[in-house]
Every structure is written in C-alpha cells, then in structure tokens.
Amino acid sequence: MMKMRIKELLKELDALLVAHYYQRDEVVEMADLTGDSLELSRKASASEKSKIIFCGVGFMGQSVKILAPNKRVFMPKIACCSMARMIDDSYFDTSIAQLKECGITEVFPITYINSNAEVKARVAELGGVVCTSSNASRILKYALEQKKKIFFLPDFCLGQNLARENGLKSAILGVDSVDKIKNADVICYYGFCSVHQLFSTKDIDFYRTKYPGILIAVHPECQPEVVERADFVGSTSQIIKFVQGLDCNQKVAVGTEFNLVNRLRVPVNGIQNTFVLSSTKPECPTMNETGIEDVLKCLEAIKKNKPFNEVLLNENIAKKAKQALDKMLELS
Ligand code: 13P
Ligand code: SF4
C-alpha cells in the first residue's frame, strides 16, 4: 500500500527516487537509481525529472543541487556524513594558515566529495578539484601535473592510501612534525570516517586464518594498513561488481558499510561465502535514518505544497562549488 502510493506520487510529481547503497534495503528496493557517490551525482543531475528525492547524506543531495541548480532536491531525512562534518570553511582557512606557518604558501587542494558546499567553494577558489572514491587516482594524476604540493581533505585515510599507491610521501596536518609536512607530496587534513575506522588488520588476520584463500575487499576510507593488506580496494559500486564477479564458492570478507555487505550475502547451497570484515556491526547511523515512511511523508508534503528538507544553497557558494565538481566530471 505504502509502496504503491510512493510509486504513484513519484510519477505524479515528476520525481526520481535516488538511494545510496548504504541505505536500508526497503529504500534501495524502491529506488529508481542507486550507485556510488560519483554515479549518483552524475546520473541524478542528468535525469529528465524535475525533482530528486535523495536518500543519502547531506553532501550527496547538495552535489546534485550544485550540478543541476534548476532541479528541486529534497531529502526525506536530514542526515549528515560524520566525516563531512569534520571540516567547514573556517577549518579549511585555518589549515591553509597552518600550511603557511610551515612555509608552504601554495597548494593544490583536492576535496573528497564527502564535504559541504562551502568547503568545495573554497577549494574551487584555490583552483582545486573534487574527487570520489572511484576516480581519486585519476584526479591525483591531474593534481600532480600542477606541480604543487597537494592538500587532500577531509579524509586522511583516502589521502594516504592514494599517496602510497602512487609512490608519494604523505603527512597529516596537525599530527605529523613540521619536517614531515614539509617533505610530503600529499598533505592530508585529519578527518576520517568513523564507520570505516572499525576495520582492522586483526580482522584480516582472523579471516585469513579461519578461511585460508579468502579474499579481502575494502573501501579506500579504511586505514592505510588495512588497505595495504587487502586484495581489492574500490568504491561501493566497484566492491559490488568485484564480489558479484567472483566464483560462487570463493570466500570474501568485505570492509564497508553493513547494509551494502549484507545484501551481497547470498548463501550458495546453504553455505555463506561473504562476510562482514568486522566483529562490530559497521553501520553508518545517519545513512540508516531514512525509512520508506519518510519517503512517503516527503512526497505527500510536496504534493500539499508544504515541502520540507529541500536542499537550498547560497547561489554564489553553489556556483563556485560547481567549478570544482565540473572539473572532476570532466576528468572522470
Ligand atoms: P562511495 O562513493 O564509494 O559510494 O562512498 C561514499 C561513502 O560515503 C563511503 O563511506
Ligand atoms: Fe560518511 Fe562514513 Fe557514513 Fe560514508 S560511511 S556517509 S563516510 S560517515
């Protein structure tokens, strides 16, 4: 009944229901579009629908609004990524001042898409660009051509993982010594994802001892020592493709959010071959807040002309942030 009403309203209101893979199953099952951050921002903004009902976290809804300012974007629940909350424009300015104190006056900034519009605008002002987990290597290559030190924010894990993969030196601002910062090619802001911090090398040892031959697939927001020992590293979409492409008898332990991993856990002849790489349930609390009843409430409110949680941005900020996002799409 509720599902039928949602379908009717989506059609009547010319709206597209978009969900990130970390959303609850009930939401993912109903969505017109699912994907990783890059796919969602690209496909939702290019859709022909005039309204986007975005089930995900704040920076994702903002990215669609920035890329498609003429669309109306609504979020059934206001949910904020805890990593994105670790930096705002004033912290960005403080970091640039700290870099100057270390004698670094020019940087090329790369912001992970998990940041708010104000931060993306600041990055654009300095000629920088946005990246996601699926295109970060390509963006880094472009950044290296600019022949400046790279300031990577807010995720120090993704920044350090990228640096290692490309044979570059990295350091963390506010954590490492001034000498180490001065010598680094990639200087990272000290932000992180609390969910992906849960995966440890002990978990990898546990599964490799228990099931010799098991593969380990992780998201690049995991800690560098975890990523270094994994067999596969990729965005949420890339992880899904990797696991679904394995022989059905191949065991794999996956280090990313629970809802996504749980959907991959399809037993073969009663045997479970896909595992969650953690003894603690790696749940993203804000991603889990939205239910289909919230989607329905959101659509009913739009129909009654009393919408709530519409993504609205300062025009100037949105225009600047768009430069950094457009550059990313051009390079992807
Ligand atoms: P993806 O871009 O890989 O979907 O990741 C988004 C995210 O927030 C992971 O924690
Ligand atoms: Fe943010 Fe981590 Fe949740 Fe992804 S899993 S949305 S990075 S808090």
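The values are calculated or read from the model by the stated rules, or taken from the named source; none is laboratory data. All values reported here derive from a predicted model rather than from experimental measurement. Glycine gets a Cβ as well: all are built from the backbone with ideal geometry, and neighbour counts include every protein chain shown. Keep in mind that these areas ignore ligands, DNA and RNA; they rest on the heavy atoms of the full protein, side chains included. Shrake-Rupley method; radii C 1.70, N 1.55, O 1.52, S 1.80 Å.
Taking region 3-122 and the helices (runs of 4 or more DSSP H) fully enclosed by it, the elements with 3 or more residues that are of a type in the set (S, T, N, Q) are at 37-46, 89-101. Every test in (1) of a type in the set (Asp, Glu); (2) at positive phi; (3) within 16 Å of ligand 2 (Cβ to nearest atom) is passed by Asp14 save one, and that test is (3).
Selection within region 78-95: residues that are open to solvent by 30 Å² or more (accessible area, probe 1.4 Å) and more than 13 Å from ligand 2 (Cβ to nearest atom). The member of this set that is nearest to Ile317 (Cα to Cα) is Asp89. Is it true that some residue in region 241-258 is buried (at least 23 other Cβ atoms within 10 Å of the Cβ), part of a loop (DSSP other than H, G, I, E, B) and either within 15 Å of ligand 2 (Cβ to nearest atom) or of a type outside the set (S, T, N, Q) (or both)? The answer is yes, given that some residue of region 241-258 is buried (at least 23 other Cβ atoms within 10 Å of the Cβ), part of a loop (DSSP other than H, G, I, E, B) and either within 15 Å of ligand 2 (Cβ to nearest atom) or of a type outside the set (S, T, N, Q) (or both).
Checking the conditions here, which among Ile181, Ile139, Ile113 is touching a Cys at 6+ places or on another chain (Cβ under 9 Å), farther than 25 Å from Val254 by Cβ and not hydroxyl-bearing (Ser, Thr, Tyr)?
Details: Ile139 fails: farther than 25 Å from Val254 by Cβ; Ile113 fails: farther than 25 Å from Val254 by Cβ.
Answer to the check: Ile181.
The helices (runs of 4 or more DSSP H) falling completely within region 130-209 that include 3 or more residues that are more than 19 Å from Arg229 (Cα to Cα) and within 16 Å of ligand 1 (Cβ to nearest atom) map to 136-145. Applying the set (1) more than 16 Å from ligand 1 (Cβ to nearest atom); (2) out of contact with any Asp or Glu (no Cβ under 7 Å at 6 or more places or on another chain) to Cys55 leaves exactly one unmet item: (1). Phe275 meets all of the listed conditions (1) open to solvent by less than 50 Å² (accessible area, probe 1.4 Å); (2) in contact (Cβ under 8 Å) with a residue 12 or more places away in the chain; (3) part of a helix (DSSP H, G or I) but one, namely (3). When the residues of region 66-112 are filtered to those that are out of contact with any Asp or Glu (no Cβ under 9 Å at 6 or more places or on another chain) and of a type in the set (D, E, K, R), the one that is nearest to Ala301 (Cα to Cα) is Lys71.
Of the residues Lys306, Lys319, Lys281, which is part of a helix (DSSP H, G or I) and either among the charged types (D, E, K, R) or free of Cβ contacts under 8 Å to residues at least 60 places away in the same chain (or both)?
Values: Lys306 fails: part of a helix (DSSP H, G or I); Lys281 fails: part of a helix (DSSP H, G or I).
After ruling out the rest, the residue left standing is Lys319.
Does at least one position in region 168-184 carry a residue that is out of contact with any Leu (no Cβ under 6 Å at 6 or more places or on another chain) and within 16 Å of ligand 2 (Cβ to nearest atom)?
Step one: filter region 168-184 for residues out of contact with any Leu (no Cβ under 6 Å at 6 or more places or on another chain), giving 168-184.
From what is left, the residues that are within 16 Å of ligand 2 (Cβ to nearest atom) are none.
There is no residue in region 168-184 that is out of contact with any Leu (no Cβ under 6 Å at 6 or more places or on another chain) and within 16 Å of ligand 2 (Cβ to nearest atom).
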